[in-house]
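The values are calculated or read from the model by the stated rules, or taken from the named source; none is laboratory data. A quick note: this is a predicted structure, and the numbers were derived from the prediction, not measured. Neighbour counts run over all protein chains shown; Cβ positions are idealised from the backbone, glycine included.
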Amino acid sequence: MHTRWIVLAGLPATLAVFAARAAEDGLVTKPSKHTVAETTDHLEAGLRQAGATVFARIDYAQSAHDNGLELNPMVLILFGNPKAGTPLMARSPTIGVDLPPKFLVWQDGSGKVFISFNSADYLAHTLLPRHGITQVPELLNRGVDLADKLSAAEGN
């Protein structure tokens, strides 16, 4: 009985360490109150409304199913704006490994849905510099702000 209380008492500290690590590694994960399909549809609609291009929607769970495997619902959305990405790729073609930006919409084992994406700080201080790009173009900044806004709206 005492062991359970010790484990529960340590939970807040464990969660704090996890949150700090998430901030350090640049991965932002936010909850959604919708299904994976609804969240994906809402994100795509918001991206298009804001003038972004949705390049692809990859349904990992469907692909797993098609191959006789099981996976909780999980969809990757690749999006961007050629006016922002093209000049970066012209300057440093290897940036194409990290662009376009992505949303991963996924469901955990308990049925909760989340949206994960790279933070603006990670983009500016890790992804771009590894390709020799030291300044974040304004148009790319606006795209990252849009991603953050759209993901926040899904949590409501």
Item to check | Selection from segment 29-62 of residues that are touching a residue at least 12 places away in the same chain (Cβ under 8 Å) and in a helix (DSSP H, G or I) | outcome: Val36, Ala37, Thr39, Thr40, His42, Leu43, Glu44, Gly46, Leu47, Tyr60, Ala61
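Counting only residues that are in contact with a helix residue (DSSP H, G or I) (Cβ under 8 Å, 6 or more places away or on another chain) and either crowded, with 19+ Cβ neighbours inside 10 Å or farther than 20 Å from Asp148 by Cβ (or both), how many does segment 98-115 have?
Residues in segment 98-115 being in contact with a helix residue (DSSP H, G or I) (Cβ under 8 Å, 6 or more places away or on another chain) and either crowded, with 19+ Cβ neighbours inside 10 Å or farther than 20 Å from Asp148 by Cβ (or both): 9 in total.
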Checklist entry - Just a yes or no: is a residue in segment 76-83 within 30 Å of Gly132 (Cβ to Cβ), in contact with a Phe, Trp or Tyr (Cβ under 9 Å, 6 or more places away or on another chain) and of a type outside the set (A, V, I, L, M)? => result yes
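State all residues of segment 75-87 that are buried (at least 18 other Cβ atoms within 10 Å of the Cβ) and over 17 Å from Leu146 (Cβ atoms); if no residue qualifies, say none. Can you show your working first?
If we filter segment 75-87 for residues that are buried (at least 18 other Cβ atoms within 10 Å of the Cβ), which is where we start, we get 75, 77, 79-81, 84-85.
Correct list: Val75 only.
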Item to check | Options Thr126, Thr134; residue that is β-branched (Val, Ile, Thr), outside any helix (DSSP H, G or I), surrounded by fewer than 16 Cβ atoms within 10 Å (Cβ to Cβ) and at pLDDT below 95 | outcome: Thr134
Checklist entry - Only one residue in Ala22, Ala56, Ala37 is modelled with pLDDT of 95 or more, under 24 Å from Arg130 (Cβ atoms) and within 16 Å of the chain's Cα centre (by Cα). Which one? => result Ala56
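Rundown of residues vs (1) in contact with a strand residue (DSSP E or B) (Cβ under 6 Å, 6 or more places away or on another chain); (2) of a type in the set (S, T, N, Q); (3) modelled with pLDDT of 95 or more; (4) not in a helix (DSSP H, G or I), yes/no style:
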| position | (1), (2), (3), (4) |
| --- | --- |
| Ala64 | no, no, yes, no |
| Glu70 | no, no, yes, yes |
| Val75 | yes, no, yes, yes |
| Ala84 | no, no, no, no |
| Thr94 | no, yes, yes, no |
| Leu99 | no, no, no, yes |
| Trp106 | yes, no, yes, yes |
| Ser110 | no, yes, yes, yes |
| Phe114 | yes, no, yes, yes |
Next on the checklist: I'd like to know if segment 91-108 contains one or more residues that are small (Gly, Ala, Ser) and closer than 26 Å to Thr39 by Cβ.
Outcome noted: no
